[in-house]
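So the structure is just underneath, and the comments pick up after that.
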């Protein structure tokens, strides 16, 4: 079997694992209040590439430990970070933020339901993420480390803070350093956390975690640069969301600041940096390397 076929097989099996874990760990749509729980599942199970859960599982493979405890920790981490990601998208799409009607090829939550429900969906998905980690069937030290990592990545010094900078920057000119900081917080922090959560669940040592940090920081920036590129080069059907929103909203991006060619070249260089940082892990890191390639080449 070719390396491409092996990765596709891995992708299929771990995507299915993510969906199964989401189905089990999210509250049933028959749980009261019914409308809220139905909308939560609509937001979290409505498709998407599942890059963050896949990064959790790929980083978790760096350990030879295949115990039930580790598998439980990885499933909890995968679902928790997808809940945080889904909540961020629900809030990001609301009229007070980016005001978008389309997400993952479907009406956004505030369009499919209403604005008040969308607000509550985001709130409830965020708290559910930490409840899932707190109740994970693994060691208390692992649970605590995962909760701390996810809280840091999603809060005011991470994703939420990056979103605040993004909103404050509409119509303004950011320099390259400012743009990198915004991307590192808004998108990079949660992607980096996904890799970190996998490493925590696998109980990697400090040196191994540092290598994962190098990988995830390069990957997180590459991911957002590719998003900037796709916003101007892809259509709404391909993106699953409204194309050209950054230009419409006069937002600073790598493309508007540095040009399309520079953005594409930088994303490619970051992919190479991310992959090179994994050399010491050998074949155990193949899924992480393949995911880096997938992230940078999506849309092609």
Selected residue (only one of 193, 138 is within 18 Å of residue 54 (Cα to Cα), in contact (Cβ under 8 Å) with a residue 12 or more places away in the chain and in contact with a helix residue (DSSP H, G or I) (Cβ under 7 Å, 6 or more places away or on another chain)):
193
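Name the helices (runs of 4 or more DSSP H) wholly inside region 193-289 in which the number of residues that are more than 22 Å from residue 79 (Cα to Cα) and at pLDDT 95 or above is 3 or more. Even if it seems obvious, please write down each step before you answer.
Values: elements: 206-233, 236-239, 245-248, 254-258, 260-276.
Because the criterion is at least 3 residues that are more than 22 Å from residue 79 (Cα to Cα) and at pLDDT 95 or above, the helices (runs of 4 or more DSSP H) in region 193-289 that meet it are 206-233, 260-276.
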Considering only region 30-44, state which residues are touching a helix residue (DSSP H, G or I) at 6+ places or on another chain (Cβ under 6 Å) and assigned to a loop (DSSP other than H, G, I, E, B).
31
Checked pairs for region 249-278, first more than 30 Å from residue 211 (Cβ to Cβ), second in a loop (DSSP other than H, G, I, E, B), C-beta under 6 Å and 6 or more apart or across chains, list as 249/170; 250/170; 250/171; 251/170; 252/169; 252/174
Tally, over region 150-186, of residues that are within 21 Å of residue 74 (Cα to Cα) and surrounded by fewer than 22 Cβ atoms within 10 Å (Cβ to Cβ):
2
Identify, from the list 162, 188, the residue that is assigned to a helix (DSSP H, G or I), within 17 Å of the chain's Cα centre (by Cα), closer than 30 Å to residue 64 by Cβ and free of Cβ contacts under 8 Å to residues at least 40 places away in the same chain.
188
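Does at least one position in region 69-85 carry a residue that is in contact with a strand residue (DSSP E or B) (Cβ under 7 Å, 6 or more places away or on another chain), within 21 Å of residue 133 (Cα to Cα) and surrounded by fewer than 24 Cβ atoms within 10 Å (Cβ to Cβ)?
no
Conditions tested, residue by residue: (1) at pLDDT 95 or above; (2) over 26 Å from residue 222 (Cβ atoms).
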residue	(1), (2)
52	yes, no
55	yes, no
59	yes, no
64	no, yes
68	no, yes
73	yes, yes
76	yes, yes
79	yes, no
82	yes, no
Condition first: closer than 18 Å to residue 109 by Cα and surrounded by fewer than 22 Cβ atoms within 10 Å (Cβ to Cβ). Now tell me which residues in region 30-48 satisfy that.
33, 34, 35, 36, 37, 38, 41, 42, 45, 46, 47, 48
Looking at region 19-29, can you tell me whether even one residue there is assigned to a loop (DSSP other than H, G, I, E, B), surrounded by 18 or more Cβ atoms within 10 Å (Cβ to Cβ) and over 17 Å from the mean Cα position of the chain (by Cα)?
yes
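The values are calculated or read from the model by the stated rules, or taken from the named source; none is laboratory data. Treat the numbers as computed from the prediction; the structure is a model and nothing was measured. Virtual Cβ from ideal backbone geometry, glycine too; neighbours counted across all protein chains shown.
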